[in-house]
Structure formats: structure tokens, C-alpha cells
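This report refers to the structure that appears directly beneath it.
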Amino acid sequence: MPPPTRGWRDSFSALGEMYERHVKGVPKAPVLSPTAAALLSTAYVFIYVIPFYLSSATRPSPTLTRDAPSSIRARTRAVTFSSAVCGILTVVVLHKHDASASEILRLLGIWPISPFDTARTMLLVTILFAGPIFEHGVVEGGLKDWIKLKDVYEILSSWIGYRNFVVGPVSEELVWRSFMVPLHVLAQFSGKQIIFLTPLYFGIAHVHHLYEFRITHPEVPLFVTVFRSLFQFTYTSLFGFFAAFVFIRTGNVYTCMLAHTFCNWMGLPRFYGRVGVEAGIPIGPPDVDKKDDERTSMPMYQGKGVAWTAAYYVVLVAGAVGFYYQLFPLTKSRYALPVVLTKAR
């Protein structure tokens, strides 16, 4: 016996299912091709780095290091120009693809923003650095000086401090987060792809320090120089993963700048050794250590018991665990960028 003839309602239902499956379900083509986004991002790396080598005032040599005040001033002018060029290119691309002024500001993470989001994210960063804060603030007694903002003006008024805590964080977060991430949003990269891809450009942009270090420190063995650069690439990429995550989750480039400055200030945490025995300078990038300008005046801390060291490592681990569990809650924002990013289960 043949099956009964379907009514008109069933026919329209079948057409609806076909539309959902074959038309509506087909993702729209990206506004910007992934290749174009990658090429522009690569171009930004060159635009940022190449000017350092175009002038004798910025180019490193055996007689001119990157820490020389004249070199820092010239490089500050160079990165200001490079950042402006990258920003203009990104705005032109966004405008060309019909983004309104408000949409452009939102994608760049400039406006709207929430100071509350910034405060919560900085709390998250503080949790991550609970160990170093305990070591330098409690064990070494620096907490009172921090509260009084002692030496902050002196450090920021020095050219090295100005570069490490102002120029570097501001220019790098603008280029690698505010100007580069929107290109990948237009190209319909997923949130995870943006988080783990764009920071690699950030890490690559620091590889040129290998050449600089080799020129200014020719006595250092080559394998040590290479290891130093690989180490720098690793931790800059790791920070980039976090900064890209924060930028996507909060849509706030200012938060990324503050987090960058804070991480530069703290350096990398101590992962071995006793606290309170030696000066305890954290293991970090030699040219980003906040104590570069005051290393000669640092007191030696003697006589701290093993209990302080045990407490430090407990706090260090607790901070890492707290960071893991609060990563999503403390970065939740209604201003998040329009990308797919869900917590892995």
C-alpha cells in the first residue's frame, strides 16, 4: 500500500528544513580574507621593527646599546610613527568594509569600556603574581614603599623606565591587540585562533633582539644568545595569549596596557631557590626588569628562615590555581568582541 500523500503543511515544513540546512546554515564568507589578515599582521611586524634599523640613532652598534637615552628617545619617535601607520591602516580596512565609527571604536577596544572590567582584570593579574608580591612586598618589606609610591616617579622619569612601563606597553598593545585583532575578527577567525595566533606575531617581533644582543655583547657565546632569544619569544608569546584573551573578553585595550605594564614591573616569578637569602631579583627579561635602575642600591636580605620560602611557594601555587579558576569569571564583560569563545569543558 503506498504511503499517504503529504499535506501542504508537511511540504512547507520540508522546504523550511532544507532552507535551514542548505542556505541559512551556510556560514557567510568573511568580510576580509584570512590571507589578507595574515599579510597585514606580518606587515605590522615589519612596520614596527624595521624603523629601528633605518637610522644610526636607533640602530644598535658596539658603541650604542638600546638602553642609551639617545637611542630610547629616537626609538620612541619611531614606534609612535609606526603605531600611527598601523592604526590608520586598520581604520581604513574597517571603514572600507562598512564598519561605522562606533563599530570601529568598539573593535579597536577604545570605546565603550568599563573601568569595573579593568579593575577585575587587574585583580586577576594580581592573583597570578601573588607569589612575587608576597616575596617582594612581605618578605623583603617593600609593601610600605609600594603604598607610598616610593621611587615610582624616579623610575618612570628615567628613560629605561619610561620605555619599559609606558612606551612599550602602550605601543605594543595598540599594534598587536587594538590594530591586529580586529583584522582577524573581520576574517572570521575563531576566538581561540585569535588568542593563539596573533601573539606569535608579538613574539616574532621580539626576535630581532637576538641580533641587537649579539652586536652589543659579542663576547657572549652564540648558543647563550640564541637560548636567550628563544626564552624571550616564549614568555612574550605566553603574555600575548593572555593579553589577546583579555582583549577579546573585555573589548578594552587600556586594560591590556595596564596588565602589560604590571607584568613588566614584576618580571617573571621565582621558580627555584630560597627567598630572603639573596636580593631575590625575579627571573625575567634582562631589559624589562624593574630594578635595572636601582640594582646597585638594593639591600641584601639575610636571615630569613626556610618557612618563608615554603610560604612563598605555597602562595605561588595558590595564585596559579586561583588564576585558573577566575580566568573566565573575572574577564566577563558586556563589551566583549563579537567572536566565538567558549570555556572548554
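The values are calculated or read from the model by the stated rules, or taken from the named source; none is laboratory data. Treat the numbers as computed from the prediction; the structure is a model and nothing was measured. A quick note on method: Cβ atoms are made from the backbone with ideal geometry, for glycine too, and the neighbour counts reach across all protein chains shown. When the accessible area is computed, the model is the full protein with side chains, heavy atoms only, and any ligands, DNA or RNA have been set aside. Shrake-Rupley method; radii C 1.70, N 1.55, O 1.52, S 1.80 Å.
Brief remarks follow.
- Residues that are without any contact (Cβ under 8 Å) to a residue 40 or more places away in the chain, closer than 21 Å to residue 164 by Cα and open to solvent by 50 Å² or more (accessible area, probe 1.4 Å), drawn from the stretch 127-146: 145, 146
- Contact map, the stretch 319-330: residues that are over 15 Å from residue 242 (Cβ atoms) paired with residues that are at pLDDT 95 or above and assigned to a helix (DSSP H, G or I), Cβ distance under 6 Å, separation 6+ or inter-chain. No pairs are found.
- Test: residue in the stretch 152-162 that is under 30 Å from residue 104 (Cβ atoms), open to solvent by 30 Å² or more (accessible area, probe 1.4 Å) and touching a residue at least 60 places away in the same chain (Cβ under 8 Å): yes
- So residue 251, is it surrounded by 15 or more Cβ atoms within 10 Å (Cβ to Cβ) and either at pLDDT 95 or above or over 19 Å from residue 146 (Cα atoms) (or both): yes
- Residues located in the stretch 25-69, provided they are open to solvent by 50 Å² or more (accessible area, probe 1.4 Å), of a type in the set (Val, Ile, Thr) and not in a helix (DSSP H, G or I): 26, 31, 63, 65
- The lone exception for residue 286 - which of (1) open to solvent by 20 Å² or more (accessible area, probe 1.4 Å); (2) part of a loop (DSSP other than H, G, I, E, B); (3) more than 17 Å from residue 168 (Cβ to Cβ); (4) at pLDDT below 90 it fails: (3)
- Any hit, the stretch 89-109, residues being touching a Ser or Thr at 6+ places or on another chain (Cβ under 6 Å), on the phi > 0 side of the Ramachandran plot and buried (at least 17 other Cβ atoms within 10 Å of the Cβ): yes
Rundown of residues vs (1) within 26 Å of residue 173 (Cα to Cα); (2) at pLDDT below 95; (3) more than 22 Å from the chain's Cα centre (by Cα); (4) open to solvent by less than 70 Å² (accessible area, probe 1.4 Å), yes/no style:
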residue	(1), (2), (3), (4)
277	no, yes, yes, yes
311	no, no, yes, yes
320	yes, no, no, yes
343	yes, yes, no, no
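- Contact map, the stretch 112-124: first residue of a type in the set (Gly, Ala, Ser), second residue open to solvent by 50 Å² or more (accessible area, probe 1.4 Å), Cβ cut-off under 8 Å, separation 6 or more or different chains; pairs are 114/334.
- Scanning the stretch 30-65 for residues that are under 23 Å from the mean Cα position of the chain (by Cα) and small (Gly, Ala, Ser), we see that the one that is nearest to residue 174 (Cα to Cα) is 41.
- Residue in the stretch 295-307 that is under 27 Å from residue 201 (Cα atoms), open to solvent by 40 Å² or more (accessible area, probe 1.4 Å), more than 18 Å from the chain's Cα centre (by Cα) and modelled with pLDDT under 95 present: no
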